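Below is one structure, written out as structure tokens, with a few remarks after it.
The values are calculated or read from the model by the stated rules, or taken from the named source; none is laboratory data. Keep in mind that what you see is a predicted model, and the values were worked out from it rather than measured. FYI the Cβ positions are ideal-geometry reconstructions off the backbone, even for glycines, and counts take in every protein chain you see.
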Amino acid sequence: MARSETGRQRLVCGFLVTLGYSRTRPVSFNRARVRELFSLHWPAQQENVIFCGPVGAGETFLACALGHRAGRAAHRVRYVAVTKLLQAFHQSRADNSVERELRSWLAPDLLLLARSRLPAPKKT
């Protein structure tokens, strides 16, 4: 496990994740890249966008603003919390409607998935 200036780091699912971070470090982003994203060239190229950062850094705000911009440009947009998405897929497995459910999630041009706290796993 490596050390960083903000805390411990651990390899999780192939990604280096920092455990603990400093709120004193200012949050910054590449303004030119954000302007490029808001030009909406990437949906036509079937590219994905992921906003990553510590809680409260503004990832959800940027994603919602991007979704609003896409909607005003006549793109189909759907916004959902990850927990709701997982619940919908779980329910669709129970009633054998997985294919229909999957098509409904693939229909929008832009799918915004909000990070949310997942419930603790049930003990078996």
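For the structure I just gave you, tell me whether residue 98 is farther than 22 Å from residue 34 by Cβ and either of a type outside the set (Ser, Thr, Tyr) or surrounded by 12 or more Cβ atoms within 10 Å (Cβ to Cβ) (or both).
Details: farther than 22 Å from residue 34 by Cβ: yes; either of a type outside the set (Ser, Thr, Tyr) or surrounded by 12 or more Cβ atoms within 10 Å (Cβ to Cβ) (or both): yes.
Criteria met by residue 98.
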Requested in this report: Please go through region 82-95 and pick out each residue that is in contact with a helix residue (DSSP H, G or I) (Cβ under 9 Å, 6 or more places away or on another chain) and under 19 Å from residue 112 (Cα atoms).
Outcome: 85, 88, 89
Query raised in the report: Which numbered condition trips up residue 111, out of (1) closer than 18 Å to residue 41 by Cα; (2) at pLDDT 90 or above?
Result: (2)
Query raised in the report: Is it the case that some residue within region 8-19 is surrounded by 12 or more Cβ atoms within 10 Å (Cβ to Cβ), within 15 Å of the chain's Cα centre (by Cα), at pLDDT below 90 and assigned to a strand (DSSP E or B)?
Result: no
Query raised in the report: If you go through region 65-108, how many residues are under 19 Å from residue 44 (Cβ atoms) and not in a strand (DSSP E or B)?
Result: 14
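Among the residues of region 21-33, count how many are surrounded by 15 or more Cβ atoms within 10 Å (Cβ to Cβ) and not hydroxyl-bearing (Ser, Thr, Tyr). Give the derivation first.
Of the residues in region 21-33, the ones surrounded by 15 or more Cβ atoms within 10 Å (Cβ to Cβ) are 21.
Filter once more, so that each one left must be not hydroxyl-bearing (Ser, Thr, Tyr): none.
Residues flagged as surrounded by 15 or more Cβ atoms within 10 Å (Cβ to Cβ) and not hydroxyl-bearing (Ser, Thr, Tyr) within region 21-33 amount to 0.
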Report task. Determine which single condition residue 62 fails, assuming it passes every other condition in (1) in contact with a helix residue (DSSP H, G or I) (Cβ under 8 Å, 6 or more places away or on another chain); (2) assigned to a helix (DSSP H, G or I); (3) within 22 Å of residue 44 (Cβ to Cβ); (4) at pLDDT 90 or above. Result -> (4)
